[in-house]
Structures are given as C-alpha cells and as structure tokens.
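S.K.: So that we are looking at the same thing, I have put the structure below in structure tokens.
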Amino acid sequence: MTGPSSTETDSDDVDAPPGTWLERRLPVGRFLSVQFGRFPMPRSANVLWTVGAMLSAVLLLMLLSGLVLAMNYTPTAAGAFASIEAIERRVPSGWLIRSMHMAGASLFLGALYLHLFRGLYYGSYKKPRELVWLFGILLLAMTMVTAFAGYVLPWGQMSYWGADIAGQALASIPVIGPFLERVFLDGNQPGDGTIHHLFVLHFTLAFAILAVVGVHVATVHIAGSGNPDGVEPDRKGSLPFTPYFAIKDACGVAVFALVLAAVMFLFPDLIIETANYRPANPLHTPTSIEPEWYFLPFFGILQAIPFKFGGLVASAGAVLVLFFVPWLDTSPVRSARQRPLYRASMMGLVVAFVLLGYAGSHHVEGNWLLIARCAALFYFFHFLVLMPLLSRREKAALKDVS
Amino acid sequence: MLAILLAGLTFGAPAGATPPDHDHAPPQHWSFEGALGNFDLAAVQRGYLVYEQVCASCHGLKHVHFSDLAGMGLEPEAVQALAAGYEIRAGRDLSGAPKYRHGLPDDAFPTPVRPVGVKEGVMVPDLARQALIYPGGPDRIYALLTGYSAPPAGVPVPPGLFYNRFAAGRVIAMKPPLHGGDVHYEDGTAASVEQEARDVTIFLAWVGQPHLAERHRTGVRVLIYLLFLIVLLFILKRRIWSHVH
Ligand code: HEM
C-alpha cells in the first residue's frame, strides 16, 4: 500500500521500460539501435547492397531541391517557362538547385535500374521477400510517373510534345481512352490544366514515394537482408549494421555524390535535352520527339509494336510483368550464381534492355525495328517462359537429389 | 566550283540518307567549350556591344533582365546606364498611342515588335538561348554571320532572301547584319566582320548559359572535396573491417 504522501515520480514506476523520459514514451533510440545499430547484416553483402543507401540519399536531395524549385515555379502555361528562366537566371543559386534536381532525377532512375537488376540477378524477390519486391516495383513505377510529370513542368518543346504523346497513348485505349485523355490533358491539347494536374501529381507522388520507401525498408528489416550466394543464413555469418555496413553505405553514397557532381557541374550535356530550352509551341511539332534516356527502353518497346494500343500494352506490360516475378520464378534456388542458365538469360536480359534503349533513341525502322522486336521478344521470353521453365526443371532436379 | 562541290556532296551521300541542305560549319576554338570552359568577359562585353548596336533592332533576349548583365562584369551604374538606353512600353496615353519610358535594371529586354528591314510574316528568332538550341551551336552562328556571299552561278535566290551556305536551305531572310566597323570597341580592338561575329557569338553563348564558368568552378571544388572525403571514408572502412577477416 502506498501512502498518500508518496508522489508518483518516473523512477517509482516499476513497469516502465528503462531510459529517459522521451525514450519511455517514444522509443526512438531503441528503434534506431535495433533497426540500424545492431541490425544483423549478412557478412558477404557486396557493393551492390549499397545502392539502397544511394537511392535514399538522392530521394532526400530531390525532395529538398524540389521544394526550393516549387517555391519559385509558376504552374501555368503562360508562366511556367518564364519562371524556370527566372530560376536559372536570377533566383539566388537557382541554377544550382535546378541542375541538382535534373541530374538527380537521371541518377535516381539509373540507380533504380541498378537496384532492380541486382534484385533480379540474386533472386531478392523470393520467399520471404515477396512484399519487399512488390513495394520496390511500386516505387519504380511511382518514380517513373513522377519523373515524367516533372519533365512536363518546365513547359519547353519536349515537355509539351511529351505530354501530347502521353495523351495520344492514353487515347489509344479502347472505349475509355478518349475520356482518359481528356481527364489527363484537361482539354483537347496540353495546356494550363495539364500543367496543373501534373504539378500536383509530381509534388504529391514525390512525398508518397518517401512513405513507400519507409514500408519497403520495413519489409526488408522484417525479412532480413539477402546475400549474393542466396544461401541463408549467410555462410560467412552476420555483422551488426553499425559500424560495418554503415561505413560501406557511406562510401557508396560518397561515390554516388561524386558521379552526381561530375554530371551536374561538368557534364550536364549528358542528361540535358537542349530542345527543351525552346518554349512550348503548339503549332510547331519538333522533327524528333524523344523521351529522357531512362524511358528509352520502354519507348523502344512502344515503337516496336505496329499499332499504338499494342505498343502501349507492351511497354506498360514490361513494367507490370515485374510485379509477378516472385510467382513466375518459384525455384528454391535464389542466386544466379547457382543457376548457370538463368545467369546467361540475365545477361541476355541486360543486353536486350540496353538494345531497346538504343532502338528507342533512333527512329525505330529498318534494322532498328528488327532489333527492337527481337529484344522486346526476349525481354518477355525471359520472364514469361524461361523463369517458369527453369523453376520446374530445378524443382524436379532437387526432388531427385533428396 | 561550289555547285560541283555541292553536286559531289549530294551524290556522295549514302543512299537513303537525305543530303545536308547546308554546309557544315567549320569547328572553331571557343574558350567556353569543354568541362572546364570559361568566358573571356572582355569578349563577352564586346559581343554585347554588337548585340546592342546591331542585332537588338530585330532580335530580343526574352526572359533576360538588364540586371542579369552584371554577370558579364558590369558595375551597377553601367547596368543602369545601359538599361536607360532601351525604350520600354509603358501602357498607352489618352489618345491610345503607346507610351514609352527608359528601361530600368529590373526590366526585361524588349522584343522588337516590327523590326525594320524584315519582311511581313518572317519569324525573327529570340536570341536568349539561341547558342544552346541552334543546330550546330556557336560554330554555326559564327559561320552564318560570316557566311554571306553571292550565290553560285545558276542557283536562284528568291526575292527577300539572301544566299548563305550555312543557313538551312542555303538561303535566309536575315539580311547580312555585319559589315565591319558597325561598332566602336572601347578597348581598341579592330571591328572587322570576323571580330564582331566572334564577339557576338561569345556573348550569345554567355547569355545562353550565364552561370557556366561559376558552375565549372564550383564543380571542381566540390569534386576535390568529395575525392578527399572518399579517400578518408575508404581508409576508415578498411580500419573498421580489419578486425573481422
Ligand atoms: C521522387 C523524387 C522526384 C523526382 C524523380 C523528380 C523528377 C523531376 C524531373 C525529371 C523534373 C524535370 C527537370 C527538367 O528537365 O527541368 C522535375 C522538375 C520539377 N520538380 Fe521534381 N522530382 C522529384 C521530387 C520533387 C519534389 C519533392 C518537388 C517539390 C515539391 C519537385 C518539384 C519540381 C518542380 C517545381 C519542377 C519544375 C522545375 C524544373 O523543371 O526544373 N520535385 N522533377
């Protein structure tokens, strides 16, 4: 029995977990220590396991630089181009922020592709990491939409005609296409409404990406990180994330920053489409309309199919098929290191992806059309035929052994 | 002679490819080229003079403000004086006629509405980003400005157009803008056609990317800093991992 004189101080509360006042109410420190301090990492995780840290860093850079841009940007057809000119010419450090955002977007998608192919190669999508994979592909799709929306905002020639082509692609969908196009463009052609839609979309999706990254990382931490051999637990054992993998990630992020700085300060021509410095002109169709490099493989698929709607289905399908990978490849063997045939097909997939990109950057006709069609065919063959077939074979072989 | 050359070019082109409809501009050496390029601000200022005295009567510099010219090394007073030399539309008077006032540093460059010496219906391109977006870039702008000549025998030039082997279709609606001696350079440089063309091209390259030199300078500093950081981080990584092998 406690007397009436005893005050209820924090230290008397025997049920409370130890720690400071804040820690007992919101265990941030414990969370960080469990999830990032002591979190066990497979010891053989290699340099490709640092790409996730690079992506987190560049996402933060995009959000911060994007906020500064948004504060100086005018989302109207009449004002957008002029506001970008003001950002580049007069807003203090505006040119710096904008080049960060432009180079950042390119390297973001580049790192995402690296992350994606890392996952495909080492079988990172397999049990128990199916959800990790699904949220990852969702992030890829969201980032692609965000980047497309962002590219329309400066309202240059490529922005305008990019939006126009996207509208046409939507319109090619049977029955609901024309309706979708009108909703997307907010009119018959790209204009004020289009910019407004895409600005809101760009802004919101960017922060939604941050939230989905949170879920993606949470699922990784529940399943644990995989390793290059795909044999779990890691044969070499595990090590706490801090300091062993924290320092590795720091090295990776620093190298990424070096590449980013080289591109944005010294070699911006690698990623800038100068045609977008011409203001949007609805009366003048450019002789060649080409998306940013990171969309070229999908643009190649789009053009490889002779009719518009088919092209749309195929290039959207090229992303959608990735969602189904955990159920297309059901072989218990994870890593391509253990699967010579799968490894060969993975190499073929990378080659096909690059070839599709090259094809997309040319007018897809003549030889390029043939190459694009073969590459597109191989892309889908890898996922839809080879993955299930190899899984069956490997499962049967494993059954024989046991 | 030229016609023979052109014919040769046409027939020498690989089958299927369309022959170029203008001559290839010979590459020039520019100080702003390359990853570490820089601007000679004296040349940029001379080039501005050519723009102001010659090109400004037809071409605007949309979205560029007079105060932006401080970036080519002008003092605020010089910018103010320069701005005052331009007439800016300021509404209409009671009778409906347009009113004008002297330019202020925060005004944008005016775009000439009805340039003299330009045929009705011809679009005069804006020059603010021309060095960036013109196919062929600064090399071709320089070639174009110095490339006017009499047409080769037998090549008809439609009225109102001028023969220029670097223009698209080898004819252009811009009458030869430079004749030599169009400006008086304060620094004593002789104002030949080539010199004026070179300077104004450098000015256009500058106004198209006014932060280029600063971008390169900052880039070098950031890269050195990051390289240093990377070396330190890798040393740290080796030390941390040295316990676990
Ligand atoms: C997921 C992260 C993001 C990606 C991948 C992304 C991508 C892009 C891209 C590709 C552009 C076009 C750049 C150009 O060529 O001009 C752009 C422009 C823009 N973004 Fe983002 N962005 C992201 C986040 C944000 C955020 C968080 C904001 C602010 C709320 C923002 C605001 C803007 C604005 C105002 C523009 C137009 C200015 C410009 O074109 O430079 N962005 N973005």
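S.K.: 7 Å from Cα along Cα→Cβ at both A:LEU22 and A:LYS395: what's the point-to-point distance in nm?
M.R.: That separation, rounded to one decimal, is 5.2 nm.
S.K.: Report A:THR219's accessible area, 1.4 Å probe, all protein chains in place, as a number in Å² to the nearest 10.
M.R.: 20
S.K.: Let me ask something else about it. Within the stretch B:57-148, list the GluC sites (Glu not before Pro) lying in a DSSP loop whose Cβ has at most 12 other Cβ atoms in a 10 Å radius.
M.R.: B:GLU120
S.K.: Set the Förster distance to 25 Å, then compute FRET efficiency between B:VAL220 and B:ALA42 from the Cβ-Cβ distance, nearest 0.05.
M.R.: Result of the calculation: an efficiency of 0.65.
S.K.: Tell me whether chain A comes out rounded, prolate or oblate; compute the Cα gyration tensor, take square roots of the eigenvalues as a ≥ b ≥ c, and use a/c under 1.5 as the rounded threshold.
M.R.: It is oblate, given that a/c is not under 1.5 and a/b is not larger than b/c.
S.K.: What's the FRET efficiency of A:SER44 with A:ALA344 using the Cβ-Cβ distance as r and R₀ = 22 Å, to the nearest 0.05?
M.R.: E between A:SER44 and A:ALA344, to the nearest 0.05, is 0.45.
S.K.: Averaged over its residues, how many other protein chain Cβ atoms are within 10 Å of peptide A:267-280's Cβ atoms?
M.R.: If you average over the peptide's residues, the count of other-chain Cβ atoms is 3.
S.K.: For chain A, what's the relative contact order in percent, using C-alpha pairs closer than 8 Å and at least 6 residues apart?
M.R.: Relative contact order for chain A comes out at 22 percent.
S.K.: Quick one: buried accessible area between A and B, total over both chains, 1.4 angstrom probe, nearest 100 Å²?
M.R.: Separately minus together, A and B give about 3100 Å² buried.
S.K.: How well do other chains shield peptide A:257-266, expressed as the mean number of their Cβ atoms within 10 Å of each residue Cβ?
M.R.: For peptide A:257-266, the averaged partner shielding equals 6.
S.K.: Identify all aspartates and glutamates with a Cα-Cα distance to A:LYS127 below 13 Å; exclude those on the same chain that are fewer than 8 residues away in sequence.
M.R.: A:GLU232, A:ASP329
S.K.: Also, I was wondering about something else. Report the local net charge at B:ILE172: Lys and Arg +1, Asp and Glu -1, summed over other residues whose C-beta lies under 14 Å from its C-beta.
M.R.: With Lys, Arg at +1 and Asp, Glu at -1, the neighbours total +3.
S.K.: Can you figure out the FRET efficiency of B:ARG239 with A:PHE324, using R₀ = 60 Å and their beta-carbon distance, to the nearest 0.05?
M.R.: It comes out at approximately 0.85.
S.K.: Same structure, new question: Take the alpha carbon atoms of the stretch A:349-386, find their center, do the same for the stretch B:110-130, and report the distance between the two centers in whole angstrom.
M.R.: Cα centroid of the stretch A:349-386 versus Cα centroid of the stretch B:110-130: 45 Å apart.
S.K.: Can you spot the lysines whose alpha carbon is less than 25 Å from B:LYS62's alpha carbon? Ignore those fewer than 8 places along the same chain.
M.R.: Cα-Cα hits under 25 Å: B:LYS99, B:LYS119, B:LYS175.
S.K.: Relative contact order for chain B: what percent, with Cα pairs under 8 Å and sequence separation of 6 or more?
M.R.: Normalised by residue count, the contact order of chain B is 26 percent.
S.K.: Further question: With a ≥ b ≥ c the root eigenvalues of the C-alpha gyration tensor of the stretch B:128-225, is it rounded (a/c under 1.5), prolate (a/b larger than b/c) or oblate?
M.R.: Verdict is oblate for the stretch B:128-225.
S.K.: Follow-up. Once a ≥ b ≥ c are taken as the square roots of the eigenvalues of the Cα gyration tensor of chain B, is the result rounded (a/c under 1.5), prolate (a/b larger than b/c) or oblate (a/b not larger than b/c)?
M.R.: In terms of gyration-tensor shape, oblate.
S.K.: Over chain B, with the other protein chains present, what is the accessible area per residue in square angstrom, probe 1.4 angstrom?
M.R.: 56
S.K.: May I ask you to give the percent of accessible area on the protein assembly as shown that is carbon plus sulfur, with a probe radius of 1.4 Å?
M.R.: About 67 percent, which is the carbon plus sulfur part of the accessible surface.
The values are calculated or read from the model by the stated rules, or taken from the named source; none is laboratory data. The structure presented is a predicted model; accordingly, all values stated were derived computationally and were not measured. Cβ: placed from backbone, ideal geometry, glycine included. Neighbour counts: every protein chain shown. The protein model used for the area step is the full one, side chains on, heavy atoms only, and it has no ligands, DNA or RNA in it. Shrake-Rupley method; radii C 1.70, N 1.55, O 1.52, S 1.80 Å.
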